Amino acid sequence: MSVITKIEQQRNKSRVNIFVDGAFFCGLNKETAIIFKLKEGKEVEEEKLKKIIFESEVKSAFEKSLDYLGRQMYSKKVLQDKLVLKGFLQEVVGAAIKKLEEYKYVDDELFAKQFVQQNTKRSKRILKEKLTQKGVSKDIISRVLEENRGSDEFEICLFHAQKYAKNKQIEGQKEIQKFYASLARKGFDFNTIKKAVKTVINKDFEEENNFD
């Protein structure tokens, strides 16, 4: 059996340092220390104290997550990464995320739907890339895009084509290649780009012209 020899207030008023048998043992949420009646001179089992610490850290990670989510939605992976950067251990983060999922505070499908709805002028390919980077699964991405983006890819490409061509005089193969390249960088496929470019500048291109 060990003895708590000192409880010291941290700069962060919500946390304290716990010393056991004269040596620093851990930092702990102050509220947890009060709940478990930890005080100087109290005898404790180290394993029990470790369990208390783990529960305290999970609570802190959960509350920090709610703070983040109160400002904007995050995918599960991005939220995990933010918590790890804050110094929480992977096991603690995993337990906090599980709790958040149980309360439906973290939902990758709902996140993906909101992301797609907020980025209506991006191509499907770019949306897939961005959602993949945020850790959303391929199944969820495919389902969300199918349900929320339908067949409006041409209209979105046309919007960007009209924006690019505004106040520009596009004549000659070099300018047309630049036009194609601009739309390709935004993630649209060749056939969609070709149709949009033809619509905007009202010209038919010879089939031998290759702008891939």
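The values are calculated or read from the model by the stated rules, or taken from the named source; none is laboratory data. Keep in mind the model is a prediction, meaning the values are calculated, not measured. Virtual Cβ from ideal backbone geometry, glycine too; neighbours counted across all protein chains shown. These area figures cover heavy atoms from the full protein model, side chains too; ligands, DNA and RNA do not enter into them. Shrake-Rupley method; radii C 1.70, N 1.55, O 1.52, S 1.80 Å.
Does residue 174 count as touching a Phe, Trp or Tyr at 6+ places or on another chain (Cβ under 9 Å), over 29 Å from residue 74 (Cα atoms) and either among the charged types (D, E, K, R) or outside any helix (DSSP H, G or I) (or both)? In short, no.
Given the condition modelled with pLDDT under 90, closer than 17 Å to residue 12 by Cβ and exposed (fewer than 13 other Cβ atoms within 10 Å of the Cβ), answer yes or no: does some residue in the range 56-64 qualify? No, the range 56-64 has no match at all. Here is the figure for the range 36-55: residues that are open to solvent by less than 70 Å² (accessible area, probe 1.4 Å) and either within 30 Å of residue 141 (Cβ to Cβ) or in a helix (DSSP H, G or I) (or both) total 3. Kindly evaluate residue 116 against the criterion of being surrounded by 18 or more Cβ atoms within 10 Å (Cβ to Cβ), in contact with a Lys or Arg (Cβ under 9 Å, 6 or more places away or on another chain) and part of a loop (DSSP other than H, G, I, E, B). Answer is no for this residue. Taken over the range 101-113, the criterion of being loosely packed, with under 14 Cβ neighbours inside 10 Å and assigned to a loop (DSSP other than H, G, I, E, B) is satisfied by 103, 104.
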